[in-house]
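The structure under discussion appears below in the form of structure tokens.
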Amino acid sequence: ADATAAARAGAARVFASLGELGIAQADLQTSSLSIHPVDDYRDGVPVRRGYGVRHTVSVRVREMDRVDAVIAAAVAGAGDDVTLDGVQFALADPLPVEDRARELACADAARTAAHLARLHGASLGPLRSVSDGAGSFAVPMLARSGGFDAQVQPGSVDATVTVSVVYDLSLDDSA
């Protein structure tokens, strides 16, 4: 009961700190909550000391220049019990970037297929199938309490698209 109350109070402080920064409720989420036994060992025998609670909060920050302040507020709200499990960067709307990457990937696939066909004395026939997969790449970051003074740098976020194409080949009689 003590661990649950402490976790509840800590989460309330974190949510309050983030609310003071203007983080919308829709951008705050309890992403996991777990209660686990905490044991000490005496002569190899576990002795139940109590229970621990882990309350994981996810925060969406929509303005890059506010990331450091948001992390600092969360750390200040939680105090010494905080663990920063990670920071991930993503595009707010990846679809236009993925569409452009897909266009480039398809053009490259057709160019490569035509080149390979020429190397084998053939030319491309009809396109038989196309498949693709898309996703954004995020970079995680780990830290442990003791205050937060690191500056987060987003670098770049890559949109990755993989395209597989299958063409028929037509053998050139002149080769």
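The values are calculated or read from the model by the stated rules, or taken from the named source; none is laboratory data. It should be emphasised that the depicted structure is a prediction, and the values quoted were computed from it without experimental measurement. All Cβ positions, glycine included, derive from the backbone under ideal geometry; neighbour counts span all protein chains shown. Heavy atoms of the whole protein, side chains included, go into the accessibility calculation; ligands, DNA and RNA do not. Shrake-Rupley method; radii C 1.70, N 1.55, O 1.52, S 1.80 Å.
Hey, any hits in the range 73-82 for a residue that's open to solvent by 30 Å² or more (accessible area, probe 1.4 Å), of a type outside the set (Asp, Glu) and not in a helix (DSSP H, G or I)?
no
For the range 47-84, give me each residue that is under 28 Å from ALA1 (Cβ atoms), at pLDDT 85 or above and of a type in the set (D, E, K, R).
Matches in the range 47-84: ARG48, ARG49, ARG54.
How do the pairs read when you match residues in the range 85-105 that are over 25 Å from ARG60 (Cα atoms) with residues anywhere that are loosely packed, with under 14 Cβ neighbours inside 10 Å and aromatic (Phe, Trp, Tyr), using Cβ under 8 Å and keeping only pairs 6 or more apart or on different chains?
If the second residue must be loosely packed, with under 14 Cβ neighbours inside 10 Å and aromatic (Phe, Trp, Tyr), no pairs are left.
Take the conditions under 26 Å from THR160 (Cβ atoms), open to solvent by 50 Å² or more (accessible area, probe 1.4 Å) and at pLDDT 90 or above and apply them to ASP99. Does it pass?
Criteria met by ASP99.
List the pairs whose first member sits in the range 112-125 and is farther than 19 Å from THR162 by Cβ and open to solvent by less than 60 Å² (accessible area, probe 1.4 Å), whose second member is of a type in the set (A, V, I, L, M, F, W, C) and in a loop (DSSP other than H, G, I, E, B), and whose Cβ atoms are under 7 Å apart, counting only residues at least 6 apart or on separate chains?
What qualifies is GLY121/ALA175.
Answer yes if at least one residue in the range 21-31 is part of a strand (DSSP E or B), among the small types (Gly, Ala, Ser) and without any contact (Cβ under 8 Å) to a residue 24 or more places away in the chain, and no otherwise.
No, that holds for no residue.
Quick one: in the range 38-71, of everything that is touching a residue at least 60 places away in the same chain (Cβ under 8 Å) and open to solvent by less than 40 Å² (accessible area, probe 1.4 Å), which residue is nearest to GLN153 (Cα to Cα)?
Only one residue fits best here, namely VAL67.
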